[in-house]
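Step one of this worksheet: look at the structure below.
Derivation of every value follows stated rules applied to the coordinates shown; laboratory data play no part. Note that the structure is predicted; figures quoted are calculated from it, not measured. Cβ coordinates were reconstructed from backbone atoms using ideal geometry, including for glycine residues, and neighbour counts include every protein chain displayed.
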Amino acid sequence: MITGEKVILRMAEKEDLEFVYDLINREENRQYLSVYRPMSKKEEEDWIAGTAQKATAGTDYTFIIIDRKTKKQIGNCGIHSIDTIARHGEIGITIHPKFQNKGYGPDAITTLLRFGFESLNLHMITIAAIETNKRAIHVYKDKLGFKYEGTLRDRKYKNGRYYGSAWLSMTRDEWEKRKEGVNDA
Ligand SMILES: CC(C)(COP(=O)(O)OP(=O)(O)OC[C@H]1O[C@@H](n2cnc3c(N)ncnc32)[C@H](O)[C@@H]1OP(=O)(O)O)[C@@H](O)C(=O)NCCC(=O)NCCS
């Protein structure tokens, strides 16, 4: 387990099936995620089973986000597509709609950043959001200090039209400065 201020990140277990099945099938979340269709329980069962294997391979670390107070699942997150040479990885996160706008997301991402930089020895961590996801971009840039790199045009297709994909990143050096309270943005 990895402990943050409000959340704990732990590996996915069989007992998480109902929760992840509900989470991935929420249409209000799907508009912001790469997933474009409903997922079956079997697919989610396989997804859970695959998470430990990928972590062992060292290229993808996926966690269930637990509320420290209630010990209940509130979302999932992870560092994916790890480039073991350039020491780079991409964060993904989904908080269940019931628990959004309560500060869990920033704490889960901060906890992931600490894990990525201080346990995995990553050099850079990126995070991307569909350009209309103003909440996510506000959280990543303004609340967490990720640097905006640019928007890849027409990289996503949702609801009958193309959208750009906004990319943000943080280096290990920037993370250390942030921990020391230095803001040179
Ligand atoms: C994006 C997400 C991770 C943020 O986590 P969270 O726990 O909800 O974040 P917070 O509790 O800090 O609250 C959201 C912040 O965005 C602000 N916000 C909410 N809606 C907003 C909008 N439409 N435009 C701009 N800012 C918005 C809130 O005011 C708050 O900022 P503040 O603390 O400065 O007032 C989470 O909402 C989520 O998982 N959303 C659904 C899936 C998703 O978008 N995943 C990310 C894919 S890139």
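Just a few scattered comments:
- Potential lengthening between Leu33 and Leu120 on full extension [0.36 nm per residue; Cα-Cα distance subtracted]: 28.8 nm
- Cα-based reach from Lys179 at 14 Å (exclusive), listing aspartates and glutamates while leaving out same-chain residues under 8 positions away: Asp107, Glu118
- Net charge of neighbours whose Cβ lies under 15 Å from the Cβ of Gln53, counting Lys and Arg as +1 and Asp and Glu as -1: -2
- Ordering Tyr140, Tyr32, Tyr163, Tyr104 from the fewest to the most neighbouring beta carbons within 10 Å gives Tyr32, Tyr163, Tyr104, Tyr140.
- Nitroxide proxy distance, nm - points 7 Å out along Cα→Cβ at Asn101 and Lys54: 3.0 nm
- Taking label positions 7 Å along the Cα-Cβ direction at both Asp67 and Asp173, the computed distance is 4.1 nm, reported to one decimal.
- Region 2-179 - charge dipole about Cα centre, Lys and Arg +1 at Cβ, Asp and Glu -1, debye rounded to 20: 560 debye
- Size descriptor for the chain, Kirkwood hydrodynamic radius: 16.9 Å (Cα pairs only, one decimal).
- Its convex hull of Cα atoms gives region 27-130 a direction-averaged projected area, equal to a quarter of the hull surface, of 7.3 nm².
- For region 4-65, the set of trypsin sites (Lys or Arg not before Pro) satisfying both a DSSP loop assignment and a count of at most 15 other C-beta atoms within 10 Å is given as Arg26.
- Here the chain carries DSSP beta bridges of which approximately 90% are antiparallel, counting only pairs with both residues inside.
- Cα→Cβ-extended label distance, 7 Å offset, between Ile85 and Glu45, nm: 3.9 nm
- Considering region 105-171, its Cα convex hull presents a mean projected area of 4.7 nm².
- Note, ³J(HN,Hα) from phi for region 5-12, Karplus 6.51, -1.76, 1.60, rounded to Hz, x at Gly and Pro: 6, 10, 10, 10, 9, 9, 5, 6
- Those lysines that a straight Cα-Cα span of less than 19 Å connects to Lys14, excepting residues fewer than 8 apart in one chain: Lys41, Lys42, Lys54, Lys71, Lys72
- The phi torsions of region 104-112, fed into the Karplus equation with coefficients 6.51, -1.76 and 1.60 and a -60° offset, translate into couplings of 6, x, x, 5, 5, 5, 4, 5, 5 Hz, rounded to whole numbers, with Gly and Pro shown as x.
- Ranking of Asp16, Asp173 by neighbouring Cβ atoms within 10 Å, starting from the fewest: Asp173, Asp16.
- Coil-residue GluC sites (Glu not before Pro) of region 88-171, DSSP, other Cβ within 10 Å capped at 14: none
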